[in-house]
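Trainee: Before we start, here is the structure in question, set down as structure tokens.
Rule-based calculations on the coordinates, nothing more; no lab input. Everything quoted here is computed from the prediction, not taken from an experiment. In this analysis, Cβ positions are derived from the backbone assuming ideal geometry, glycine residues included, and neighbour counts consider all displayed protein chains.
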Amino acid sequence: MTTRASVFFYFFFGLLCGFLLGTSLDKEISVTFGRLIFALAIVLLAIFWRRIETNAHKRHLELWHTLRQRGKWFFILTRYVLLRGSVLVVILIAPFLAALRFTTLVSIILLLTLVPLMLMLSFLGHEEWTRCEQEFEVLALRQAAEQTRKLSALTN
């Protein structure tokens, strides 16, 4: 199994196991586990955020030619708002869904939380786009200089 496939397998397997565990327990125990998992997820996210972003940046550069053709807003919406946003929503909001009663006030608070989160992720996506674009141009210039050097060495 490839690394990417194993990551998705473990993610969905963990999601399924967590769902089954959460539905099989009493509501109070499930909420307690949810809070514990929430705290653990925040700690792990804080510890590994730089590593995750570095690996994602490397992956973006590998696929940059394709990502660049699809456009800046497609990149920002898919890679940052939808992908990272859904992960953050699952980590930050999902553990509390069992304990929440969706009143109008709770819905407004969730909306007022999600809108700034989406704006922040859009800003981060734009920054990543700019950084990838700059690095791609530098790599293209290096490759062109290397090819020119090789051609001049062959002609001399």
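Trainee: Place +1 on the Cβ of every Lys and Arg and -1 on the Cβ of every Asp and Glu in the range 3-155, take the dipole about the Cα centre, and give the residue among Thr103, Leu63, Leu92 whose Cα lies farthest towards its positive end.
Mentor: So the residue furthest toward the plus end is Leu63.
Trainee: Over all directions, average the projected area of the Cα convex hull of the range 31-85 and note it in nm². Numbers along the way, then the final one.
Mentor: On the way: hull surface 17.8 nm².
Result: a mean projected hull area of 4.4 nm².
Trainee: Which FRET efficiency, nearest 0.05, do Leu154 and Leu45 yield, Cβ-Cβ r, R0 41 Å?
Mentor: On the way: r = 52 Å, r/R0 = 1.26.
Efficiency, rounded to the nearest 0.05: 0.20.
Trainee: What number results when the radius of gyration of the range 3-155, computed over Cα atoms, is divided by 2.2 N^0.38 Å? Kindly include the intermediate steps, with their values, before the conclusion.
Mentor: Numbers: Rg = 21.2 Å, N = 153, 2.2 N^0.38 = 14.9 Å.
Compactness ratio reported: 1.42.
Trainee: Still on this model: Give me the dipole magnitude in Debye, nearest 20, for the range 3-155 about the Cα centre, with unit charges on the beta carbon: positive for Lys and Arg, negative for Asp and Glu.
Mentor: 280
Trainee: Sticking with this one: On full extension of the chain, what length is gained from Thr113 through Glu133, given 0.36 nm per residue of separation minus the C-alpha to C-alpha distance?
Mentor: Here the answer is 4.2 nm.
Trainee: Once label points are set 7 Å from the Cα along Cα→Cβ at both Ala140 and Thr103, what is their separation, rounded to one decimal in nm?
Mentor: Here the modelled spin labels are 5.6 nm apart.
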